[in-house]
Amino acid sequence: SAPAVPAVLKKRLVKLVVNFLFYFRTDEAEPIGALLLEHCKITKEEENVFSISFIEEPERKYCFECATEEQCQEWVEALRRASYEFLRRSLIFYRNEIQKMTGKDPLEQYGISEEARFQLGARRQ
């Protein structure tokens, strides 16, 4: 078997927008790619390294090295939150649209408690 080719570290600027992680070359304004943060696993590998891997394609793994461990932890938390936040906002949006159209709260028919519905609406940004 061929020896594993060591990964070459490339300097990239990354920007998180909702649940897309865009990455840029340091000298270009347009992104060279984007990762959709759905069905993925964000793992802290070393003190200042984290990875994003995809459940459907486990061999596709992206590693990111940060300047510090604190920065690494912040990125891990932000990325884990991104996917969840996007789903939560979508649920709130569609729930409100359905309520406008039908006059009924769609969550009520699924027996979701009043308390859970209140929490869902309360954290609006």
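Every number in this text was worked out from the coordinates using simple rules, so none of it is lab data. These numbers come from a predicted model, not from an experiment. Every residue, glycine as well, gets a Cβ built from its backbone with ideal geometry; the counts of neighbours run over all protein chains shown.
Structure notes:
- Neighbour net charge for E30 - beta-carbon separation under 15 angstrom, K R +1, D E -1: +1
- Annotation: extensible slack from L16 through R60 equals 13.9 nm (criterion: 0.36 nm per residue apart, minus Cα-Cα distance).
- Table column - 3J(HN,Hα) (Hz), region 96-102, Karplus curve with 6.51, -1.76, 1.60, x for Gly and Pro: 5, 4, 5, 5, 5, 6, 10
- Between V18, P31, Q71, the Cα set farthest toward the positive side of the dipole of region 13-85 (charges on each charged residue's Cβ, about the Cα centre) is that of V18.
- Look at the Cα gyration tensor of region 1-84: its axes a ≥ b ≥ c give a/c under 1.5, and that counts as rounded.
- Using a simple spin-label model with pseudo-atoms 7 Å out from Cα toward Cβ, E74 and S90 lie 2.8 nm apart.
- Mean separation of Cα pairs under 8 Å and 6 or more residues apart, divided by the residue count, gives region 13-85 a relative contact order of 25 percent.
- What the phi angles of region 51-66 give under the Karplus curve with 6.51, -1.76 and 1.60, with θ = phi - 60°, is a coupling list of 10, 10, 10, 10, 4, 6, 10, x, 6, 8, 10, 10, 10, 10, 9, 9 Hz, glycine and proline written as x.
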